Structure formats: structure tokens, C-alpha cells
Amino acid sequence: MSYFFQIVVSGVVVGSIYALAALGLVLVYKSSRVANFAHGQIIASGAFITYALTVWASIPIYISFFISMLITFLLAWSVERIFLRRLIGEPIISVIMVTIGLASILDGLIYLTPFGTKNFSFPLFLPAEPISIYGVSISWTQLVGVIITVVLIGGFSWFFKKSTVGISMRAVSDDQFASMSVGISVPSVFGLAWATAGLSAAAAGGIIGNITGLNFDTLHAFGVVVFPVVILGGLDSILGAVVAGIIMGLIQQFAGGYLDGNFGLNGTGEVLPYIILLIILLIKPHGLFGIHEIERV
Amino acid sequence: MAKAALQKNKSEQENILEVNNIEVVYNDIVQVLRGVSLSVKKGSIVALLGTNGAGKTTALRAISGLLKPENGIIKEGYVRFRGQDITNKLGTEVVRNGAVMVPEGRRVFKHLTVSENIRVGSITRRDGHARINKDYELMYRHFPRLSNIINRMAGYSSGGEQQMIAIARALMAAPEMLMLDEPSLGLAPLLVKEIFDNILEINKVTGTTILVVEQNARIALEIADYAYIMESGRIVLEGAADELKDNPDVKEFYLGVTQGGGRKSFKNIKSYKRRKRWM
């Protein structure tokens, strides 16, 4: 039985990290309807900046974590300001192509740094001894990671639900012309969406880096791995990203824990989430929490 | 000369909005407005009437800085609001200056709740939570119907309710001048009456200046102080609302009443095809 709960716990840990990584995609999609293919690279940059600040500049991690969030906030904002703002009003596909180009540029830049080729790992700053209850164990790093994730996602949800700026971001995704008519500056909203996405990416990168170590390939693959999560959650719903992230994490861990090695199966953890994704989308094409177009006749 | 200049100065002080000879061109090629001039006195209700495609909506968008999404621009002339030049200014700046437009077809944020729709209207304001909250409460007094559906998604409310939401949303910016684009569009006559009563009440209670674009000339002339009639991108007639109501041409072409006042027989139906040549 403890094996079962151990798998549940690791599923939730993996899932909540998926959710945090997916959050940035949701934020950008929510306001501008653009799928950001450079998100994985921003996550990786966030992780590397945190590492560089912590290890090379010897800044305590609980400060460097926030500094790197601030840096990616500004970085993502300037990306929007420099590359994407002039594309407002152009077809979405051109914007998506720009994000793909951006991903290549960031790849190239990162390969110029040591992070591109070498693996690093964060020094342990929490007790190495895992917490163990009835044979189910979770490491301190994972626990803190999950807590930060919960706080961040809760904060973002509150921001979108209650603050006028957050509501205005949802308004822009709803109807751009009407948003302009009430005085919302649509370009600033896009800038803010990218900036907050960058911030959440740095947080995700920092947490993933602490749990799994810093490997550029793994980190930027996150940008792709979370796409099914986002699609399953319904693309523009934060709650959807959380639920879908945890579903994905659980499926992956259960498949890995129970199916792999039995019945001659292997690697089911990698495949099964996509199969379930297909099935769910067949039943609910808008994803679990996706917005249905409201049509009144 | 000096007297004339003084008089001009005075009229500009009274007029909250001055539109002088504007020409609007879409995509650098399609000219929609050809020298439109109009002025709106502070605190008054002004109606801009005309048929489909006369350029009323374009005029309103030109004033509120919302031509850009349609690739339009004011090529000639100027728009002055509260003495400041707002020609080709961005929509955000115009709202900050105190002129807000309620777009045609309501355009509520469908996936936001009614209260979120109304709240987001205060985005440009910097005068503190207390005042904004007070205005927010006031909206439900202007539109009591909305207080029953505060948490409903706006997309699921009725056409009349959506119009009220859109007006309340615009009023949350605490505008000096409220512009309405076809508030009667697609609404039942009783609802149209209710909406126009609301507009009149807002004007009387808060002193907000109102510029309303309408095809429904009858109801618009009922609440307006002054009116302009547009056709093919020009102003063709203007005057106090009461005078226009009695103008025989307006009666025939916009109010659907014939000279005699009585009904026309089928025999004379041809005369309806007669078109007034304004120019």
C-alpha cells in the first residue's frame, strides 16, 4: 500500500511542477491567443540565472530565486516589446513563427554558455534526509517546490480573479476592440502577460533545477512536454493547467510504477499521458476547463 | 474682429467637444468622412442620426481614437475635447481625457461576469478605491436589473441587459462625455425606451454630456437637445431636436410620417421611392 501512496505523492509533485511550467503558456495564450514555443527556453534561462546567482555570485538561494524571477520578468517583457509588439494585428501564425525563431535564438545563446553543454546541480540547501510518513517519503526540496508552486498559482489565480489589471487581461482575450473602448491599453496587457509568464517560468525553472539538476535538454524539453498539459486543461484556464498537470503527473507515475516491467511493457509513462490526452479531447474538445464560445441567437 | 474672436473663444469654452472638418480615410484609400464638423455643448445630449453607411460610427470612432484597429486615420481637420487636441490620439488617452464610447452591438466581455465587466471599466482611473467602489454601487442604482445578475457571465444575459452592462462599464471610467453607438440596435421597443430613459437619467443626475449615434431617429430626438443628420459622410442637416422633429424632410425620411400626417394609400406608394437629394 505504501508503494501506491509513494506513487501518488511523486505523481502530485511531478504534476504540480507541470502545472507551474504550463502556467506561463496559459498566461500568454489567455491574453494574446499565441502559443509560445520559446517557453521551454525561458524556463531553462530562469533555472540557469538562479544557478549563476546562487553558486557563482554566492547570493543566498531564497534571494536569488526572486532576483531571477525579476530578471526573466524583464527579459520576457522586452521580448514582447521588441519582437512581438509590431506584430499586433498580424495573423497569429506569424507571431507563433516568431516564437519558434526566438526559441532557436535562445538555444544558440545558451549553447554559448557553459550551461549548454555541461550538467550542473544545485548545492543542497535543505536537509538531505527525506520526510517519511508510514513509508511514504518526500524530499524537502520536493516539498518546498510544491509549496512555492501552490503559493504562486494561488497568487496568479487571485490576480486574474480579483484585481482590475488581471480582469483587464481577461477582457483583452475576450474582445480587443471593446477593451480599447474602455481604455485598456492592449499592447501593455500583452507586455504584462509575457512578463508574468517569464516570471512563472523562472520559478518553474528554479524548482525543476533544484529537483532534477540542470540539464539544458531536459529543461527546455519542458516547454514541449507541458503542451499536452495545457491543451488538456483547456489552454486558457489556470485551474485547468493545475488539474491537467496533476492528472498527467499521476498517469505518468502510475504507468511507470505499475505497467513498466510487467506484461513486457516499457516506457509507458512517456506514452500513456498522450493516449489519455487523445481520449479526453475526443470527449471534451475544449479541454477540461476550456472556454466555450458563447453564442446567442 | 476682436469681438468675433472673443465669441469664438467663448463658444469653445461651452463646447466640450469640437469636431472641425474632419476627413477620415481607411486603408489610405477609402474616404468615409468628408469634412464633418460638429460640436457638443457641455452637459447636453446630442444625437447623430443617419441611415446605414452614412458614417456615423466612423465619426464616433474618430472622436474616441478607435480608428486604428480598422486601419483608419483622420487625414484633415481636428478633434478637440475639453480644449485639448485629441486628433488621432490613442483610445486609452481619450478615455483618460474623459470621453468613453459604448461600442455598437454592446460588445460586453462575454466570458467575464457582470460585476467584472463593470469593474474593468475603471481601469484608467487613478482616484482611489473608495470613489471607484462608490461609483460601482451607483451603477446598480442606475440599472437595478443588473443587481440580480451580478455573478452571471455577461455573455448569457439578454440583449437589453448587455446594453446596460456596456453603458455601466463605460460610466465606470467616470467620463465627462459618454458616446453611445446605436444603443437601440436589436432591442425590443420597450427595452429601447427603458435604455433611453436610463441615458436621460444619467445625463440629468450626473451631468454627463451625451453624444448618441442612432438610426432610430424618433427615440433619439425625444431625449436629445440638439441633433445632426449625416448622409454619405457629410453632415446634411443640424438643429435643435424640437425643430428637427418638425422639419418636413426629417419627418418623411427619418420618422416615417408623411406631410399630411395621415397614412399613405397603396396608390401613392411610389412616392416613397422618391429620394431626397440633400446635395
>> Take the conditions modelled with pLDDT under 85 and in contact with a Phe, Trp or Tyr (Cβ under 9 Å, 6 or more places away or on another chain) and apply them to A:Pro127. Does it pass?
In response: yes
>> When you check B:Val46 against the structure, is it in contact with a helix residue (DSSP H, G or I) (Cβ under 6 Å, 6 or more places away or on another chain), farther than 17 Å from A:Ser179 by Cβ and buried (at least 19 other Cβ atoms within 10 Å of the Cβ), yes or no?
In response: no
>> Regarding segment A:116-126, can at least one residue be identified that is farther than 30 Å from A:Phe190 by Cα and in contact with a strand residue (DSSP E or B) (Cβ under 6 Å, 6 or more places away or on another chain)?
In response: yes
>> So, B:Tyr228, is that one surrounded by 15 or more Cβ atoms within 10 Å (Cβ to Cβ) and in a helix (DSSP H, G or I) or not?
In response: no
> Right, A:Ser137: among the polar types (S, T, N, Q) and at pLDDT 90 or above or not?
Replying inline: no
> Being in contact with a Leu (Cβ under 7 Å, 6 or more places away or on another chain), surrounded by fewer than 21 Cβ atoms within 10 Å (Cβ to Cβ), closer than 25 Å to A:Asn215 by Cβ and among the β-branched types (Val, Ile, Thr), is that true of even one residue in segment A:57-64?
Replying inline: yes
> Which one of these is at positive phi and out of contact with any Lys or Arg (no Cβ under 7 Å at 6 or more places or on another chain): A:Gly213, A:Gly183, A:Gly209, A:Gly166?
Replying inline: A:Gly213
> Inside segment A:66-91, can you point out the residues that are within 21 Å of the chain's Cα centre (by Cα) and either at pLDDT below 90 or among the aliphatic types (A, V, I, L, M) (or both)?
Replying inline: A:Ile67, A:Met69, A:Leu70, A:Ile71, A:Leu74, A:Leu75, A:Ala76, A:Val79, A:Leu84
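Is at least one residue of segment B:54-69 farther than 23 Å from A:Met180 by Cα and at pLDDT below 95?
So far as segment B:54-69 goes, yes, one or more of its residues are farther than 23 Å from A:Met180 by Cα and at pLDDT below 95.
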> Which one of the conditions (1) farther than 30 Å from A:Gly89 by Cβ; (2) surrounded by 18 or more Cβ atoms within 10 Å (Cβ to Cβ); (3) within 20 Å of the chain's Cα centre (by Cα); (4) not hydrophobic (A, V, I, L, M, F, W, C) does A:Ser139 fail to meet, given that it meets all the rest?
Replying inline: (3)
> Residue check: is B:Arg234 under 16 Å from the mean Cα position of the chain (by Cα) and over 30 Å from B:Asn133 (Cβ atoms)?
Replying inline: no
>> Every residue in segment B:145-167 that is polar (S, T, N, Q) and under 18 Å from the mean Cα position of the chain (by Cα), please.
In response: B:Gln162, B:Gln163
>> Looking at (1) at pLDDT below 95; (2) at the interface with chain A (Cβ under 10 Å from one of its Cβ atoms); (3) not in a helix (DSSP H, G or I), which one does B:Gly186 not meet, given that it meets all the others?
In response: (2)
> What number goes with the only condition from (1) of a type in the set (A, V, I, L, M); (2) loosely packed, with under 13 Cβ neighbours inside 10 Å; (3) touching a helix residue (DSSP H, G or I) at 6+ places or on another chain (Cβ under 7 Å) that B:Ala130 does not pass?
Replying inline: (3)
> Restricting attention to segment B:157-183, which residues are more than 22 Å from B:Ala59 (Cβ to Cβ), in contact with an Asp or Glu (Cβ under 9 Å, 6 or more places away or on another chain) and within 14 Å of chain A (Cβ to nearest Cβ)?
Replying inline: B:Gly160, B:Met172, B:Ala174
> What are the residue pairs meeting all of these: first residue in segment A:61-85, first residue touching a residue at least 60 places away in the same chain (Cβ under 8 Å), second residue loosely packed, with under 14 Cβ neighbours inside 10 Å, Cβ atoms under 9 Å, and 6 or more apart or on different chains?
Replying inline: A:Ile61/A:Pro123; A:Ile61/A:Phe125
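So, in segment A:161-185, exactly how many residues are touching a residue at least 12 places away in the same chain (Cβ under 8 Å) and farther than 13 Å from A:Val28 by Cα?
Qualifying residue count, segment A:161-185: 4.
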> What pairs come up if the first residue lies in segment A:125-136 and is farther than 21 Å from A:Val8 by Cα, the second is at pLDDT 80 or above, and their beta carbons are under 6 Å apart, counting only those six or more places apart or on different chains?
Replying inline: A:Phe125/A:Ile61; A:Leu126/A:Trp140; A:Leu126/A:Thr141; A:Pro127/A:Trp140
> When segment A:159-211 is examined, which residues are found to be more than 10 Å from chain B (Cβ to nearest Cβ), among the small types (Gly, Ala, Ser) and closer than 22 Å to B:Pro69 by Cα?
Replying inline: A:Gly191, A:Ala193
> Only one residue in A:Lys162, A:Lys118 is modelled with pLDDT of 90 or more and charged (D, E, K, R), so which one is that?
Replying inline: A:Lys162
> Name the residues in segment B:147-160 that are in a helix (DSSP H, G or I) and in contact with a helix residue (DSSP H, G or I) (Cβ under 6 Å, 6 or more places away or on another chain), would you?
Replying inline: B:Ser147, B:Ala154, B:Gly160
> Of all residues in segment B:55-73 being of a type in the set (A, V, I, L, M, F, W, C) and out of contact with any helix residue (DSSP H, G or I) (no Cβ under 6 Å at 6 or more places or on another chain), which is surrounded by the fewest Cβ atoms within 10 Å (Cβ to Cβ)?
Replying inline: B:Ile73
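Evaluate the following for B:Lys68: is it free of Cβ contacts under 8 Å to residues at least 24 places away in the same chain and closer than 28 Å to B:Asp127 by Cβ? Don't jump to the end; show me each part of the working.
Details: free of Cβ contacts under 8 Å to residues at least 24 places away in the same chain: yes; closer than 28 Å to B:Asp127 by Cβ: yes.
Yes: the conditions hold for B:Lys68.
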> Considering segment B:200-232 alone, what residues qualify as being among the charged types (D, E, K, R), free of Cβ contacts under 8 Å to residues at least 60 places away in the same chain and farther than 19 Å from B:Pro175 by Cα?
Replying inline: B:Arg218, B:Glu222
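The values are calculated or read from the model by the stated rules, or taken from the named source; none is laboratory data. Since we're looking at a predicted model, the values are computed, not measured. Quick reminder, even Gly has a Cβ in these numbers, built from the backbone with ideal geometry, and neighbours come from all protein chains shown.
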